[in-house]
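The values are calculated or read from the model by the stated rules, or taken from the named source; none is laboratory data. This structure is a prediction, so every number in the text was calculated from the model and none was measured. With ideal geometry, Cβ positions are generated from the backbone for all residues, glycine too; neighbour counts draw on all protein chains shown.
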Amino acid sequence: MRINDRGILNLGKPGGRRAISTFPSVTSLADGSLLATYRVGSSKDADDETIELRRSSDGGQSWSEPAAPFGATINDVRGSLKVAYVTQLDDQHLLVAAMWVDRQTHPGKPLFNEQTEGCLPMKILLADSHDGGRSWSGWRVLPVPAEIGPPSLTNPVLRLSSGRLAISIETNKNYNDSGKWFQRVVCFYSADNGQTWSDPATICQDPVAVIFNWDQRAGVYPDGRLVTFTWTYNSKTTEYLNIQRRISSDEGTTWSEPEDLGFTDQASHPAILPDGRIVLAWVDRFHTRSIRARLAASIDAPFLAESEVVLYEFEAIAPTTATGERDTGELLAEMGIWNFGLPYAEALPDGDVMVVYYAGDASSMRICWARLSALS
């Protein structure tokens, strides 16, 4: 692959409520435009954080002014919006899924409780647009059983080949719960364009709660199969393991055994091209301190090292590892100080791939984009 072009989607503005930009995504719409979402706030974990949208009609060369159309008060509870993903259901009908954080129940507390490994109360919110994202309905809350705990959202809603929708959710512990964390990834299904949802079905879980499956990214292959890429963590050794791939031929009812992809840390949303090739970006924080991307020829093919491109390198601190240095609670808390990451890859109509990610320093973080030519 090669990087054809790159630029900045949103600049952080130091000292204000838009200083820190993170959690980017970009959706290629049927009309040829791009719709980007990202989170802004005065810090990486802030009561004032919200979601902004920008649109580009020239492949990312220029972007509209930011719009912030979504409110953050749910059922009279003050909160913040951490992340949002857009799915196109038809030409004009868009569905946005967002993760909302309750900032009222535990006022002034950080998202993660370092002592218990729990997190603040959260909800998954859904809204519709019937004019291509120019206006939106009010929020509705995804019904989540109490056993799930505060739900995390790490992927857009998927459109399955059957016509159903699927949303992937990760479980968490409640803020002051000091019990063992049996983390798992579950999936909810909808047969009515997201108005109602099924009970959760477990996608993956370690029954002894040693291996955690974090930030699972998923996509729908042209033949209808599902593929996931998971940031895998060993809570016993406090070590990030290699990214794992799973494939389902029955819309998530059963899955292949996890496959070690040979490179580690946090995977991006995959860009799946119409011809079946897949571009995956990932973050390697503790070895090369960089964001990279590779190409696979098909859903189950290797991601070839010779296809690799480097999207971002952080050179201020020497490489290190996470193994044995911190406990899980400390690692969760440290997510708030990482200053680059969260790549999101999207296939474009001309066969290129756009990757968005955040990067910066403690005073400001920006959303960057890179356009890749997915040559074999």
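Side notes on the structure shown:
- Test: residue 78 is at pLDDT 95 or above, among the basic types (Lys, Arg) and crowded, with 20+ Cβ neighbours inside 10 Å: no
- Test: residue in the range 139-160 that is surrounded by 20 or more Cβ atoms within 10 Å (Cβ to Cβ), in contact (Cβ under 8 Å) with a residue 12 or more places away in the chain, over 17 Å from the mean Cα position of the chain (by Cα) and not in a loop (DSSP other than H, G, I, E, B): no
- Near pairs, Cβ below 8 angstrom, 6+ apart or cross-chain, from the range 50-66 (on the phi < 0 side of the Ramachandran plot) to any residue that is surrounded by 19 or more Cβ atoms within 10 Å (Cβ to Cβ) and in a loop (DSSP other than H, G, I, E, B): 50/70; 50/72; 51/70; 53/133; 54/63; 55/63; 55/133; 56/63
- Any hit, the range 81-103, residues being assigned to a loop (DSSP other than H, G, I, E, B), over 15 Å from residue 192 (Cα atoms) and touching a Phe, Trp or Tyr at 6+ places or on another chain (Cβ under 6 Å): no
- Among residues of the range 186-240 being surrounded by 19 or more Cβ atoms within 10 Å (Cβ to Cβ) and of a type in the set (Val, Ile, Thr), the one that is nearest to residue 149 (Cα to Cα) is 186.
- A single member of 123, 109 is closer than 16 Å to residue 82 by Cβ and part of a loop (DSSP other than H, G, I, E, B), and it is 109.
- Residue among 256, 290, 268, 298 that is hydroxyl-bearing (Ser, Thr, Tyr), surrounded by fewer than 20 Cβ atoms within 10 Å (Cβ to Cβ) and closer than 20 Å to residue 155 by Cβ: 256
- The C-beta contact set for the range 163-185 (first residue under 20 Å from residue 215 (Cβ atoms), second residue of a type in the set (Phe, Trp, Tyr), distance under 6 angstrom, 6+ apart or interchain) comprises 166/189; 167/188; 173/181; 183/212.
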